[in-house]
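Notes follow the structure.
The values are calculated or read from the model by the stated rules, or taken from the named source; none is laboratory data. None of these values were measured; they are calculated from a predicted model. Cβ placement follows ideal geometry from the backbone for every residue including glycine, while neighbour counts extend to all protein chains displayed.
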Amino acid sequence: LFKINRMEEINTQYSSTKLGKVAFFQCLEKVERVRSFWEERISEPEPGTEDKEEDNVWLLALSVLSFVGDGPAPPAPFDHRIVSAKKAVVNSYYEVNRNEVLGGGRFGQVHKCEEKATGLKLAAKIIKARGAKEKEEVKNEINVMNQLNHTNLIQLYDAFESKNDIVLVMEYVDGGELFDRIIDDNYSLTEMDTILFTKQICQGIQYMHQMYILHLDLKPENILCVNRAAYQIKIIDFGLARRYKPREKLKVNFGTPEFLAPEVVNYDFVSFPTDMWSVGVIAYMLLSGLSPFLGDDDNETLNNILACSWDFENEEFQDVSEEAKDFLSKLLIKEKSWRMSATSALKHPWLSDHKLHCGLHKQKSLRRGYLRLPYI
């Protein structure tokens, strides 16, 4: 019964493509292996060992959750492809729902769309690009996405160029922005939730940095949840991303003020730690619901960043673990060379200590009012 139920649930997360099937069976195999491992070791507790046995049960739950509901993001429902902008009309190939806006910003709007030939559900990002410079910037985004093949990074499917705009057709996910979960009073983010989100952000950024690409616009609005029930995420919007060449010193003067690293504010050289500062700001916000450097206006915000003025004095940090505070303290550092890399962040106890996660999962479950473990 467990296998049947899990197969049905996991199968809905993954596509019917070759990539999706591989991910589906790998996930199921891991769940069964972890479950069997713990079932063999959990028996009737001996007198005086009840607490240890309870921890074993919670470790079992954590292990199962880590491979299923809180496991890796599903791959895109299509294989990675190299895309170039077609001189064609997007409506010839896709049914774009102009009435359904999924998101928007400085670039334009994102609409839900469907490929006419296959019925595949996708997202169409319509970018206003009238001049040669604007079109070159969008083509840079296409070039960046062509190089990125990771489950935590949104995938590009197609592109179209017309006189006044360029349309990027991308993987579609329906969980909404991570930002919405931060500001939603009806959604209570726990520290364990924050760990699950932060770990995936670091995994996506680790891959980007291994490919020598900087995102340079990390913020909760640029992180999408795969669905509204689980914790898988995908990083989006590579419009400001840049290839990093260590010998060619790179400076940028763009981004969202409250997420800018000090070196961006100072118009100094940027590198991999620049993205990691933004990861620290996002983690701070997820843990507390507060923005560490936000002032009454942009100038005050930028001055707060340059002063590196932040602390844990707000009551929202009262129950936050010391490991979480240490994690933030190793990212929100003015001197960029002292910040953790994405690889180091993933090895930090806050993201890697299963015993800590076991305790936080227990707190999360107790807070949400259930003790019974699923599928056991």
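Scanning segment 211-241 for residues that are of a type in the set (D, E, K, R) and either free of Cβ contacts under 8 Å to residues at least 40 places away in the same chain or part of a loop (DSSP other than H, G, I, E, B) (or both) yields D217, K219, R228, D237. On the given criteria, is L178 touching a Phe, Trp or Tyr at 6+ places or on another chain (Cβ under 8 Å) and modelled with pLDDT of 95 or more? Taking the combined requirement at face value, the residue does not satisfy it.
If the condition is being of a type outside the set (D, E, K, R), more than 19 Å from I154 (Cβ to Cβ) and touching a residue at least 24 places away in the same chain (Cβ under 8 Å), then segment 93-133 contributes Y93, A117, A129. Among the residues making up segment 292-321, those that are among the hydroxyl-bearing types (S, T, Y) and either in contact with a Gly (Cβ under 7 Å, 6 or more places away or on another chain) or modelled with pLDDT of 95 or more (or both) are T301, S321. Here's a check for you: in segment 84-97, which residue that is within 27 Å of the chain's Cα centre (by Cα) and assigned to a strand (DSSP E or B) is surrounded by the most Cβ atoms within 10 Å (Cβ to Cβ)? Among those residues, the one meeting the criterion is V96.
Taken together, E100, E136 contain a single residue that is over 29 Å from T190 (Cα atoms) and either outside any strand (DSSP E or B) or modelled with pLDDT of 95 or more (or both), which is E136.
If the condition is being surrounded by fewer than 16 Cβ atoms within 10 Å (Cβ to Cβ) and in contact (Cβ under 8 Å) with a residue 60 or more places away in the chain, then segment 184-210 contributes only S188.
The residues listed here are S291, S309; of these, the one that is touching a residue at least 12 places away in the same chain (Cβ under 8 Å), assigned to a loop (DSSP other than H, G, I, E, B) and under 15 Å from K334 (Cβ atoms) is S309.
Of the residues making up segment 334-364, those that are in contact (Cβ under 8 Å) with a residue 40 or more places away in the chain and crowded, with 18+ Cβ neighbours inside 10 Å are K336, R339, M340, A342, A345, W350, L351, H357, C358, L360, H361, K362. Each residue in segment 322-371 was checked for being in a loop (DSSP other than H, G, I, E, B), modelled with pLDDT of 95 or more and over 22 Å from I205 (Cβ atoms), and 0 pass. When we screen I223, I166 for residues that are within 17 Å of G108 (Cα to Cα) and modelled with pLDDT of 95 or more, the only hit is I166. Screening the candidates Y187, Y207 for the property of being outside any helix (DSSP H, G or I), in the same structural domain as K251 (by the TED database) and either among the small types (G, A, S) or under 20 Å from the mean Cα position of the chain (by Cα) (or both) yields one hit, Y187. Considering (1) in contact with a strand residue (DSSP E or B) (Cβ under 8 Å, 6 or more places away or on another chain); (2) more than 30 Å from M340 (Cα to Cα); (3) outside any helix (DSSP H, G or I); (4) at pLDDT 90 or above, the lone condition that T118 does not fulfil carries the number (1).
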